[in-house]
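Since the structure comes first, as structure tokens, the remarks are kept for the end.
The values are calculated or read from the model by the stated rules, or taken from the named source; none is laboratory data. The structure displayed is predicted, hence computed values, not measured ones. Heads up, the Cβs are rebuilt from the backbone with ideal geometry, glycines too, and the neighbour counts pull from every protein chain shown.
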Ligand code: KG4
Ligand code: ZN
């Protein structure tokens, strides 16, 4: 028996199969990046239409690659939110139809919590309470989890998500879309001196983030020194990245101090495949006391293996979802994310 995972929250159509023991049997991701690149961002209607045409072939391919046939499935897990409504609907309706037709339990999972579960696609087992820094195109959050299903948001971005800032800075510098991997590569190849850009929120005293001011600082620098934009995009990109990574590191270290009880620290989401960030995290001695877990790079960005893995944990608890479940677009409507009110992270 095996569990099928489906992910369509944004611009990746993905399906994966994991065994009853929680091992990945297959994971297929079809990115729509080429469709959206001319628009320098995801066009929701284009995304949902593309999911409609690729969803069933991707599921078929995932089952085939796992060597599993539909009657051998034990459950279907699917992202219910947050994400783009039209995109979410395609995956959710498909999962409901499969669950209904095959008489299987449906397991609706939260996309952000699934990014955290991606840290357990390898050997590691979850040890709660744990702290997770979820950094993606839409979110920059510090989360405290007492178990899967109980997730408190203890820090959040006040404006842009860090991945969004990467994408916007890359667009401004005319580097292409999505910007994260491009800036990552330029910064790796650049070895010269860097521009001093402000480190966001370093004296805020809380666990919140802000990346809009950093983005504006890049724009202002480029306006003041237009020659640099023509000749030294790599320098600007690397300087932006240093400030962004420093901010993420500072807040994560602060969160580790404020929540000494956590057993594991996880950094996940699309931006967690950034090489400079991964190096900074691995070189930080503090993370030797409480293990730091980073998903494998291919499971940092959107995929369905993380959906199936989280579905597997819910399956073991028989935590199933009714077939009339609706998708939600924002983390504030997530049934698992709560804003922490009882403990002040400022304490
Ligand atoms: O988790 P994800 O695939 O989708 C969302 O749930 O948003 O994250 C996508 C984001 C994009 O903003 C992309 O530019 C960023 O992750 N990203 C990166 C890297 N690879 C992807 N950012 C920095 N460095 C990377 N190597
Ligand atoms: Zn994501």
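Screening residue 338 on (1) part of a helix (DSSP H, G or I); (2) within 25 Å of residue 81 (Cα to Cα) shows it passes everything except condition (1). Can you spot a residue in region 140-154 that is over 27 Å from residue 241 (Cβ atoms), surrounded by fewer than 24 Cβ atoms within 10 Å (Cβ to Cβ), away from ligand 1 (no atom under 13 Å from the Cβ) and free of Cβ contacts under 8 Å to residues at least 24 places away in the same chain? The answer is yes; a qualifying residue exists. Evaluate region 215-222: report whether one residue or more is surrounded by fewer than 20 Cβ atoms within 10 Å (Cβ to Cβ), touching a helix residue (DSSP H, G or I) at 6+ places or on another chain (Cβ under 8 Å) and outside any helix (DSSP H, G or I). Looking for residues that are surrounded by fewer than 20 Cβ atoms within 10 Å (Cβ to Cβ), touching a helix residue (DSSP H, G or I) at 6+ places or on another chain (Cβ under 8 Å) and outside any helix (DSSP H, G or I), one finds none in region 215-222, hence no. Scanning region 1-18 for residues that are within 21 Å of residue 89 (Cα to Cα) and either part of a strand (DSSP E or B) or more than 16 Å from ligand 2 (Cβ to nearest atom) (or both) yields 3, 4, 5, 6, 7, 12, 13, 14, 15, 16, 17.
Looking only at region 244-281, which residues are farther than 18 Å from residue 158 by Cα, in contact (Cβ under 8 Å) with a residue 12 or more places away in the chain and part of a helix (DSSP H, G or I)? 253, 256, 258, 270, 272, 273, 275, 276, 277, 278, 280, 281 - these are the residues of region 244-281 that are farther than 18 Å from residue 158 by Cα, in contact (Cβ under 8 Å) with a residue 12 or more places away in the chain and part of a helix (DSSP H, G or I).
Restricting attention to region 19-39, the residues being closer than 21 Å to residue 88 by Cα and either in a strand (DSSP E or B) or touching a helix residue (DSSP H, G or I) at 6+ places or on another chain (Cβ under 7 Å) (or both) number 8.
Looking at the structure I just gave you, is residue 5 touching a helix residue (DSSP H, G or I) at 6+ places or on another chain (Cβ under 8 Å) and modelled with pLDDT under 95? The answer is no for residue 5.
Is there a residue in region 123-130 that is within 16 Å of ligand 1 (Cβ to nearest atom) and either under 24 Å from residue 250 (Cα atoms) or surrounded by 19 or more Cβ atoms within 10 Å (Cβ to Cβ) (or both)? Looking through region 123-130, none of the residues is within 16 Å of ligand 1 (Cβ to nearest atom) and either under 24 Å from residue 250 (Cα atoms) or surrounded by 19 or more Cβ atoms within 10 Å (Cβ to Cβ) (or both). In region 90-104, is there at least one residue being surrounded by fewer than 21 Cβ atoms within 10 Å (Cβ to Cβ) and within 21 Å of the chain's Cα centre (by Cα)? No: region 90-104 contains no residue that is surrounded by fewer than 21 Cβ atoms within 10 Å (Cβ to Cβ) and within 21 Å of the chain's Cα centre (by Cα). Checked against (1) crowded, with 24+ Cβ neighbours inside 10 Å; (2) closer than 28 Å to residue 303 by Cβ; (3) away from ligand 1 (no atom under 11 Å from the Cβ), residue 200 meets all criteria but (2). Going through (1) in contact with a strand residue (DSSP E or B) (Cβ under 9 Å, 6 or more places away or on another chain); (2) surrounded by fewer than 24 Cβ atoms within 10 Å (Cβ to Cβ) one by one, residue 6 falls short only on (2). Residues in region 225-245 that are modelled with pLDDT of 95 or more and either surrounded by fewer than 16 Cβ atoms within 10 Å (Cβ to Cβ) or under 19 Å from the mean Cα position of the chain (by Cα) (or both): 241, 244, 245. Among the residues of region 161-171, just one is surrounded by fewer than 21 Cβ atoms within 10 Å (Cβ to Cβ) and in contact with a helix residue (DSSP H, G or I) (Cβ under 6 Å, 6 or more places away or on another chain), namely 168.
In region 289-347, the qualifying residues are those that are closer than 15 Å to residue 92 by Cβ and within 14 Å of ligand 2 (Cβ to nearest atom), and the one that is modelled with the lowest pLDDT is 334. Among the residues that make up region 295-305, is at least one of them outside any loop (DSSP other than H, G, I, E, B) and over 15 Å from the mean Cα position of the chain (by Cα)? Checking region 295-305: not a single residue is outside any loop (DSSP other than H, G, I, E, B) and over 15 Å from the mean Cα position of the chain (by Cα). Restricting 71, 105, 82, 126 to those that are within 16 Å of ligand 2 (Cβ to nearest atom) and in contact with a helix residue (DSSP H, G or I) (Cβ under 9 Å, 6 or more places away or on another chain) reduces the list to 82.
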